[in-house]
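The values are calculated or read from the model by the stated rules, or taken from the named source; none is laboratory data. Everything quoted here is computed from the prediction, not taken from an experiment. Here the Cβ positions follow ideal geometry from the backbone for every residue, glycine too, while neighbour counts run over all protein chains shown. Just the protein is used for accessible areas: all its heavy atoms, side chains included, with ligands, DNA and RNA removed. Shrake-Rupley method; radii C 1.70, N 1.55, O 1.52, S 1.80 Å.
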There are 2 protein chains.
Amino acid sequence: MPYEYETNGAAIYKQSFATIRAEADLARFDADEEQVAVRMIHAAGMVGLEEFVHFSPNFVKAARDAMEAGAPIFCDARMVSEGVTRFRLPAENEVICTLHDERVRPLAEKMSNTRSAAALELWRDKLEGSVVAIGNAPTALFHLLNMLEDPDCPRPAAIIGCPVGFVGAVESKDALWEAQPVPSCIVKGRLGGSAITVAAINAIASRAE
Amino acid sequence: MPYEYETNGAAIYKQSFATIRAEADLARFDADEEQVAVRMIHAAGMVGLEEFVHFSPNFVKAARDAMEAGAPIFCDARMVSEGVTRFRLPAENEVICTLHDERVRPLAEKMSNTRSAAALELWRDKLEGSVVAIGNAPTALFHLLNMLEDPDCPRPAAIIGCPVGFVGAVESKDALWEAQPVPSCIVKGRLGGSAITVAAINAIASRAE
């Protein structure tokens, strides 16, 4: 006897988002934020995540305006850049991950930092007005904050700060939230990761559900 | 003032795994399972995940033996295949995701199923003795179970079944766990996803922490 299950992708999405909206506490989000938060909960498979999701007041607009103007999207990990749904992007935006660039390893050694942090040094040329998505490495988010301490460093339009884990994730996201050098979105605490980060990018890229 | 943080990758891993082992309840796992579970918790940033992690008695050995014998690793999503750390693989194993193969879209239409499910039809040639990792789509796991209902279908050596979400994830993982057509690992419930799935692959590939 074959297993029977819902095989219609659109129906699966619709039912998933309806379940999330029935179960999650989304009251403190405005309409744009709510759509982003719903998709983040969807990616995590976890109602309750919304408690940890925080947006700067103008974050969604800043990030969406940048994408619609053709801004590149910088990602700290290939799992993030590969997850972005290309057909949702409003301007065939470049999605860039420099982690595996051959210059990164020697640069990391020179900086005495991780490759994830060193990879950001290769973003400077196109960083101005971009959308930055950190979904893996706390060291990448900390290094971004240090880069932005320099007033001459180009400034992204918005930052999605969702590194995950047990060392530096909490601290780097708290630091981003306190500094807010540009409009930002974070998942407070240890939770985060590439799937949640990709979900935020995909939700900002298009309102389509 | 620059932000100060741990910049040594090895130290970050060591401290992360120590925190997980101090906080998580890992008593019911054997030594091999414990290593896999710790890495899954690490990827999720979530102590407590272990409650939902279940292994067939001989799962880690079956999956590791297959990898060491050079078996390919089949993944349902690019976020999974891209996350596998190549240098950890014991036999330069092929890591295969067929989701974006041009044959998949027409096949999905013909099957009246999702592209994620249809993509598995392209696995048959190398499926025998492989390691299968489903980290995204419940429809892929359900379709795999239906393929394996046919006694003539080639059989993987082991299945990591960790699709995530609100429609079919719970049901497909319960179905895998009940049937156990080959040794399997699941994350029961809605939780799962590419990061947790990749963590399991990376832990099986090498005991190195």
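Things worth noting here:
- Rounded, prolate or oblate (a/c below 1.5 giving rounded, otherwise prolate when a/b exceeds b/c) for the stretch A:51-205 by Cα gyration tensor: rounded
- Alpha carbon centroid spacing (whole Å) that separates the stretch A:76-113 from the stretch B:113-182: 30
- Cleavage-rule hits, trypsin sites (Lys or Arg not before Pro), the stretch A:90-139, DSSP coil, Cβ neighbours within 10 Å at most 16: A:R103
- Taking every residue in A:5-17 and counting other chain Cβ atoms within 10 Å of its Cβ, the average works out to 5.
- Element breakdown for the stretch B:1-154 at a 1.4 angstrom probe: carbon and sulfur atoms account for 49% of the accessible area.
- GluC sites (Glu not before Pro) lying in DSSP loop within the stretch B:4-34, provided at most 11 other Cβ fall within 10 Å: B:E4
- Shape of the protein assembly as shown, Cα gyration tensor, a/c cut at 1.5: prolate
- Here B:K110 is the anchor, and no lysines lie within straight C-alpha reach of less than 21 Å, apart from those fewer than 8 places off in the same chain.
- Accessible surface, per residue, of the stretch A:1-41 when the full set of protein chains is kept, probe 1.4 Å, Å²: 57
- Relative contact order %, the stretch A:1-114, counting alpha carbon pairs below 8 Å whose residues are six or more apart: 17
- Cα gyration tensor, the stretch A:114-209 - rounded (a/c under 1.5), prolate or oblate: oblate
- Tilt relative to chain B, helix B:169-179 - C-alpha long axis, 0 to 90 degrees, to 10: 80
- Accessible surface, the stretch A:51-205, averaged per residue in Å² (probe 1.4 Å): 37
- For the chain pair B and A, the interface hides roughly 3700 square angstrom of accessible area in total, found with a 1.4 Å probe.
- Helix A:194-205 and the long axis of chain A differ in direction by around 80°, with both axes built from C-alpha atoms.
- Drop in accessible area of at least 50 Å² in the complex versus isolated chain, residues of the stretch A:151-166, 1.4 Å probe: A:F166
- Candidates B:A77, B:A11, B:A22: whichever shows maximal mean-square fluctuation once chain B is modelled as a Gaussian network with Cα springs under 10 Å: B:A11
- Leading residue at positive end of dipole, the protein assembly as shown (Cβ point charges), from B:A69, B:A24, A:L176: B:A69
- Protein-protein interface of the stretch B:53-94, residues with accessible area decrease of at least 30 Å², isolated chain reference, 1.4 Å probe: B:R78, B:M79, B:E82
- Relative contact order (%) - chain B, alpha-carbon pairs under 8 angstrom, separation at least six: 25
- In degrees, nearest ten, helix A:138-149 long axis to first principal axis of chain A (Cα): 60
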